[in-house]
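First up is the structure itself, then whatever we jot down about it.
The values are calculated or read from the model by the stated rules, or taken from the named source; none is laboratory data. Since this is a predicted model, take the numbers as computed values, not measurements. Please note: Cβ atoms are built from the backbone with ideal geometry, for glycine as well, and neighbour counts cover all protein chains shown.
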Amino acid sequence: MNIQSFPNNTTQAEKLKDGSPIRFTSDKHTTINDESGFGIFDASKSYLTVSPLNLVPSSVASAIVKMLEEMGVQYAFGVSGGAIVPVWHALQHSSIKVLHFRHEAGAAFAATEAYFASDRPVVVFATTGPGIINALTGLFAARWEGAKLIFVSASTSTSQRGRWAFQETSTYNMPSTGIFTSETLFHYAHTLESDDELPEVYRRLNLGLAQPGGFVAHLSIPTNIQTGLVKTALPKLNVCFSPPATSAETIAECARLLSPGTFAIWVGFGARGAAAEILQLAERTGAAVICSPRAKGIFPENHPQFVGVTGFGGHKSVLTYMQKYRPQRVLVLGTRLGEFTSFWNPVMIPEQGFVHIDLDPNVPGTAYPDANTFAIQSDVGMFLKALLKHFPPLQSQVPVMVSPHTEIQPINLRNKGLVRPQVLMNAIQQVIVEESDAIVMTEAGNSLAWGNHLLQFTQPTRYRASTGFASLGHFVTGVVGATLAGNKKAVAIVGDGAMLMNSEVSTAVKYQIPAVWIILNDGCYNMCSQGSTLQGFTGMDVEIPPVDFVKLARAMGADGIRVERESDLCVALQKAIASPVPFVVDVIIDPTEPAPLESRIGSLMSQGITNS
């Protein structure tokens, strides 16, 4: 299929006249037009039209895969099994690239990061019973992160339910609420019992994918249904969805509240598509800018108006600014202000409250229920474009009073002793952040604390972290999906505990995906060790027996290098970035260097978790 994309000002007639097929994009009109169907997607209005697929007689499995192709799916990650074989076979004989992983959770984590690297929905597949349960952790992460995934699983055939079928998946022996129903995990979930239901399933999935924000769906297909013949063609589908529009009066009121020099901007991950508008607003108004950990780089961290990162591993300069300069209001853009973003610190509440912009109407006011909040449900980019009309470019620079965070300082290298994490981060900044375009990911734990605190980014989408669900194992597997779908290097900074939990080095080797793992190998669960000590608990079991991750990587067909001296770091990282195969950098870290965990420990202690 030939693919074309059109700018937003292209008329519908111009799109249709040559009959060219198009596909979904985040900021352009997209259409699909070939022998199987035709559709138009207008991202500015989220308008979707799809005509019949004109399916020839085929199996339900083949029809579902055809639907997934039409919805723009390029990748399917999962682990197969007997009950899902018909769908698996149909996937492998389609245009969708199928990757067979080593664990279902790893497949789901990788799919999440593949979505963020490509802005295309990704399929996760699993068989019955344990296949479904294994995938749940990664699927929860996808929901919390705001990814768009379609989970396709098998369930037990009707005639076998209640009879102790192998890995039986039915209401007789598995909970249905939350797994097979639309609840807190899935935006849409359905068990297909007949091909007659395909048109409604197709409509629901298309509607979910067309809407802004995340969408995680579950389609459960009994084994006998997968091989049944499709008797019903999909009807014409017309879906019109418009993002919430903010009135001119509301925009004017926001402009009045946000007087130049009296407000700060708190940037969140949900604002990643509005980096240019945020920069314009900051420079036109002189507003100081802070960001959540997941938003690093959306506003350049080397900009003179950037104060620092909030929350876990964040910068004390943020609290200093809020206490010393006390902005009247804070404009919050696309962040939930959850624990790892704010620690619900009352110091972050401005004198006159928040102006909070988010697509989810349930977000504003939740983290700080006692603070005055002017809440607006809107896409951040659309809101800022309208707001900027009230702040024209200035003839002279607005004076900015900020307390900038400490820049990375050179550290003298030691010739002896274990590698200090700060030195490793300096080397990563130099070799990977500044000398490559690689995506950098930090795993939950001390890796996340060091990365949030010391790495600096000047571009959006270069940094990935999970500060909500924050599952250990997310990025040791997610790096595979990001490298593949992003078509460039992705680097995961992880601990030895995470690497032993759920890595997919073998998967990367099989599909020749040159992902990079940088391992903080300190022989323990060090965040647990340092954190529990700070809380007054001693004698905790946190040790991990020594592991040579390079030998493990080479045993699976990857490559790697072990680093025991600080002077060898840059050369090792350069080899990793240049490697055409999956590569592990096993860094022997000094476990006694204290990570910047104070804010997290303070939050735990405020909840009563102390050994007094």
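Looking only at residues in segment 539-576 that are assigned to a helix (DSSP H, G or I) and acidic (D, E), the one that is surrounded by the most Cβ atoms within 10 Å (Cβ to Cβ) is E566. Whenever a residue of segment 443-459 is free of Cβ contacts under 8 Å to residues at least 60 places away in the same chain, its partners that are part of a helix (DSSP H, G or I), lying with C-beta atoms within less than 6 angstrom and at least six residues away or across chains, give the pairs E443/F475; E443/A498; L454/M425. When every residue of segment 364-374 is checked against the conditions, at least one turns out to be of a type outside the set (F, W, Y), more than 17 Å from C254 (Cβ to Cβ), touching a Gly at 6+ places or on another chain (Cβ under 7 Å) and in a loop (DSSP other than H, G, I, E, B). Where strands (runs of 3 or more DSSP E) fall entirely within segment 262-338, none has at least 1 residues that are in the same structural domain as R464 (by TED's automatic domain parsing) and more than 21 Å from L394 (Cβ to Cβ). Across segment 411-445, the number of residues qualifying as hydrophobic (A, V, I, L, M, F, W, C) and surrounded by fewer than 17 Cβ atoms within 10 Å (Cβ to Cβ) comes to 2. Under the condition of being surrounded by fewer than 24 Cβ atoms within 10 Å (Cβ to Cβ) and within 13 Å of G81 (Cα to Cα), the residues counted in segment 97-131 number 6. If only residues of segment 113-157 that are closer than 22 Å to I221 by Cα and of a type in the set (S, T, Y) are counted, the one that is farthest from the chain's Cα centre (by Cα) is S157. Evaluate segment 88-96: report whether one residue or more is of a type in the set (G, A, S), buried (at least 21 other Cβ atoms within 10 Å of the Cβ) and over 29 Å from T461 (Cβ atoms). Among the residues of segment 88-96, at least one is of a type in the set (G, A, S), buried (at least 21 other Cβ atoms within 10 Å of the Cβ) and over 29 Å from T461 (Cβ atoms), which makes the answer yes.
Would you confirm, using the coordinates I've provided, whether L520 is within 27 Å of L413 (Cα to Cα) and surrounded by 16 or more Cβ atoms within 10 Å (Cβ to Cβ)? For L520, the condition - within 27 Å of L413 (Cα to Cα) and surrounded by 16 or more Cβ atoms within 10 Å (Cβ to Cβ) - is met. Restricting attention to segment 178-194, does a residue exist that is part of a helix (DSSP H, G or I) and either at pLDDT 80 or above or surrounded by fewer than 21 Cβ atoms within 10 Å (Cβ to Cβ) (or both)? Checked segment 178-194: no residue is part of a helix (DSSP H, G or I) and either at pLDDT 80 or above or surrounded by fewer than 21 Cβ atoms within 10 Å (Cβ to Cβ) (or both). Apart from one condition, G213 fits all of (1) on the phi < 0 side of the Ramachandran plot; (2) not assigned by TED's automatic domain parsing to the domain that holds Q377; the exception is (1). Does segment 89-97 contain at least one residue that is among the aliphatic types (A, V, I, L, M), at pLDDT 95 or above and part of a loop (DSSP other than H, G, I, E, B)? Among the residues of segment 89-97, at least one is among the aliphatic types (A, V, I, L, M), at pLDDT 95 or above and part of a loop (DSSP other than H, G, I, E, B), which makes the answer yes. Taking only segment 146-166 into account, find how many residues are crowded, with 24+ Cβ neighbours inside 10 Å and either assigned to a helix (DSSP H, G or I) or modelled with pLDDT under 90 (or both). Residues in segment 146-166 being crowded, with 24+ Cβ neighbours inside 10 Å and either assigned to a helix (DSSP H, G or I) or modelled with pLDDT under 90 (or both): 2 in total.
Applying the condition of being polar (S, T, N, Q) and under 25 Å from P300 (Cβ atoms) to segment 460-482 and asking which residue is surrounded by the fewest Cβ atoms within 10 Å (Cβ to Cβ) yields T461.
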